[in-house]
Structure formats: structure tokens, C-alpha cells
1. Just want the ordering: 249, 131, from fewest to most Cβ atoms lying within 10 Å of their own Cβ.
2. Given axes a ≥ b ≥ c from the Cα gyration tensor, I'd like to know whether region 161-251 is rounded (a/c under 1.5), prolate (a/b larger than b/c) or oblate.
3. Among 233, 20, 183, which one shows the biggest mean-square fluctuation in a GNM of the chain, springs joining Cα atoms closer than 10 Å?
4. Build a GNM of the chain with springs between Cα atoms under 10 Å: which of 205, 18, 134 gets the top mean-square fluctuation?
5. Sum -39500 (n - 2.57) across every DSSP H segment of at least 4 residues in the chain, then divide by the residue count to get the 222 nm mean residue ellipticity, nearest 500.
6. Once region 211-276 is represented by equal point scatterers at the alpha-carbon sites, with solvent omitted, what log10 I(q)/I(0) does the Debye formula produce at q = 0.23, 0.27 Å⁻¹?
7. Counting other C-beta atoms within 10 Å, which of 245, 174 has the fewest, and how do the rest follow?
8. Kindly provide the Kirkwood hydrodynamic radius of region 257-311 in Å, to one decimal, from all pairs of distinct alpha carbon atoms.
Ligand code: RRO
């Protein structure tokens, strides 16, 4: 039996459902080109701000026993750089390109979105409502009123379909409240769940020290640690959202976790920590493992099992 890994959603055609999580291998043209040249089904830029940013002091990423911790602090080349990349990109021949936007203020987001709107490119925006690493700046996604306000201003300026990157939620009441906010915006067509689990602390026992410099060692957690939280967020938003796609992100390092995200309802799946550690070769490996797992289970397409998680 031939296995078909392709997925088409919101006019985007992906040969397979895998791409990079925003933040990993996507700050420079060279990195983006490397994802484009890999077996990934799409690519997304680093979250951008109005002006270029150096980010937080190093060390700001560390591998941890079961994943990673980061407090990058939004280092990026400024939105104009990613807009130029998108303008020069071969949208016809190349794989789908997503652009992540994460302004330091609502006004900044509106200005960047207006520029992407005016460029009228065939790329989907992922508005980041969940950076955990800016000292003194809370994650917007944890404030439902603020999220609603941001989105109501965004849709006045940006009329095309777009998505948001959400932080992880941990309580059924919060899933329901955020889903209700998101459901009131028809042009919000997808959500990416989850950003890193914010403000964790990894300790090195030998040195009795934190492992990253910013914020006293606190940072966003990714990798194996976050898989069950990511799956719960994919599942709950898949159940609660009307007519929106859910993109899974969190703890994907083989075909098995990719399958689990899709079983929970994900349309496509992003890879963060594993991509950082293994490089772009991870995409071909995970793709082939997913195909082998589907073959073994007798599934010919992703739609055959998407969202079909069994409950007891
Ligand atoms: O740059 C970062 O520190 C960062 C961002 Br914007 C984000 O959304 N998630 C994350 O784990 N790190």
C-alpha cells in the first residue's frame, strides 16, 4: 500500500505535514533556505519585530535531559528582512512559507501586518501571542481580554486568513475561555499549539547552577517534557474551535509523536527542539518513520486517522 503524507489546508499544499517550529533554523536566509532544501513540507520564519533585535545575553539555549530550555529573547533581523525574503521567495515552485510576527506592542504588530498585507504575498501569518522570554512582558495568550483586544485590532488591519501561536493552557476553563475568544474571529483560521512551556528552570546538579543566563535561569521548556501538554492543547482546541485548523508543536522527535499530534487533531506538525539538536536531516527521518507507522497501521492518508483519538 502506498502512503500519502500530503496535506492541503487554507490553500497551502504540503508534501508532508512537517515543518520547523518558529524560532528554530529560521533567523537568517541561509537557515530558511536549509529548511526549504530539506524534506520539510513547509517553512516558517523566526518571529519578527519592527526593528532588528540582538535578543537576550548568552548562553540562552541549553539542551536538558529530556528536552531544551531557551530564553532567546526574540533575536531577529527585523520584519523588513523577512518581508524581503518572502518577496524574493519562489512561492510557485517552492514549499509553503509562513511568517511569524511577534511585535513588542500592538502598534508594532499592526504596522508589520499592514506591510505584509500590502505586499500581498501567498504566505500565511502566524501571530505569536506567547513569547515567554521578554523580561517584564507577560504572554498575551494568558490574558483573555488582552488577546481579544489584540485580535479585534488585528482583523481591522489584516483581512486575510491568519493564525496564532498559543501558549500552553493547563485548565479546562482556560481552554474554553480562549477557544471562545478565538471563535469570535472568523478570519483567524488556525492556531499553533503550543509555544514552549514558559519559565521552567533547568538545574545542573554538578555545578549547582542554572544552565542559561537570562532571567535567573528561567526559560521556555521544549522537547519530551512538553509532549503530553502539547497533545492536550491540540486535542482540546481541535474539539473546541469552529472551522479552524490546529497545528501541533511540542515534543515531536520521531514519526510516533507526529502521528500522536495528528491523531489528536493536528493538520500539520512543527518540530522545534529535535530540529535544533539534529539539524534539518530530522525531517526526512521523521517523515519516513511516520510513513512506516501509517503503513504498519494500514492508513493510506493523514485524513484516515486525523482527530480519531479514542477515549474510554
Ligand atoms: O525568542 C524567544 O525567546 C522565544 C520566542 Br519569541 C517564543 O515565542 N518562544 C520561545 O520559546 N522563545
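Just so it is clear, none of the values below were taken in a lab; they were calculated from the coordinates. Worth saying up front: this structure is predicted, and the values here are computed from it rather than measured. A quick note on method: Cβ atoms are made from the backbone with ideal geometry, for glycine too, and the neighbour counts reach across all protein chains shown.
1. Numbers: 249 29, 131 24.
Ranking 249, 131 by Cβ neighbours within 10 Å, fewest first, gives 131, 249.
2. Details: a/c = 2.83, a/b = 2.56, b/c = 1.10.
The shape class here is prolate.
3. 183
4. Fluctuation is largest for 205.
5. On the way: 9 runs with 105 residues, N = 312.
Result for the chain: -10500 deg cm²/dmol, rounded to the nearest 500.
6. -0.89, -1.09
7. Working: 245 21, 174 16.
Ordered from fewest to most neighbouring Cβ atoms within 10 Å, 245, 174 come out as 174, 245.
8. Numbers: mean 1/r = 0.0844 Å⁻¹.
After inverting the mean inverse Cα-Cα distance, the result is 11.9 Å.
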